[in-house]
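Have a look at the structure below before the remarks.
Every read-out reported here was derived from the displayed coordinates using simple, explicitly stated rules and does not represent laboratory data. Because the structure is predicted, anything quoted here is derived from the model rather than measured.
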Amino acid sequence: MFDRAEAILGAGHSVILDATFLDPNMRTRAEAVAAQAYVPFLGVWFDAAADILEGRLKCRTGDASDADVTVLKTQLSADTGKNSWRRIDASITPPAIRNTVCDALVLALGRTDGGSIRREAMVGDTTEFVQH
């Protein structure tokens with residue numbers, strides 16, 4: 001995942017790393033990939049109550065994730081260590097989550113003009129998702 005992210009950043013594109021990042025070392029590595037490429041980094045940590053997360057899991061169909069309620073409970077009980085990533089309340093609606101993340105991206109990019117992040121798609125043509 002990190003090697004692919006490095007290559008994509010090296011080609012001048014944006015990257016979204018999509019993983020749980022429960023391990024602090026993985027978060028540090030994600031930050032280091034951005035630092036080595038001299039690009040801004042925004043680590044986002046989504047928080048929601050267990051019952052909300054469980055309900056969303058049960059509604060999934062045809063999803064690429066292998067997460068189920070057992071996996072969720074393991075993740076929620078994990079010691080994630082110190083975490084300085086931007087916490088976002090994921091119990092709100094998906095459009096509200098998207099807007100909150102877009103606002104955080106504008107700030108992370110140092111934009112003072114409000115930025116031009118497309119909220120409809122959340123991700124532009126030059127952004128690559130790298131899933132773990």
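Residue-wise HN-Hα couplings along region 76-82, as the Karplus relation 6.51 cos²θ - 1.76 cosθ + 1.60 with θ = phi - 60° gives them from phi, are 5, 8, 6, 7, 8, x, 5 Hz; Gly and Pro carry x.
Listed values for region 87-102 are Karplus-derived 3J(HN,Hα) couplings in whole Hz (6.51 cos²θ - 1.76 cosθ + 1.60, θ = phi - 60°), namely 7, 10, 6, 8, 7, 7, 5, x, x, 5, 4, 4, 5, 5, 5, 4, and x replaces Gly and Pro.
With 0.36 nm allotted per residue and the present C-alpha distance subtracted, the SER77-ASP47 stretch has 9.5 nm of extension available. Taken over the alpha carbons of region 11-108 as equal point scatterers, the Debye sum produces base-10 log I(q)/I(0) values at 0.15, 0.19 Å⁻¹ of -0.72, -1.13.
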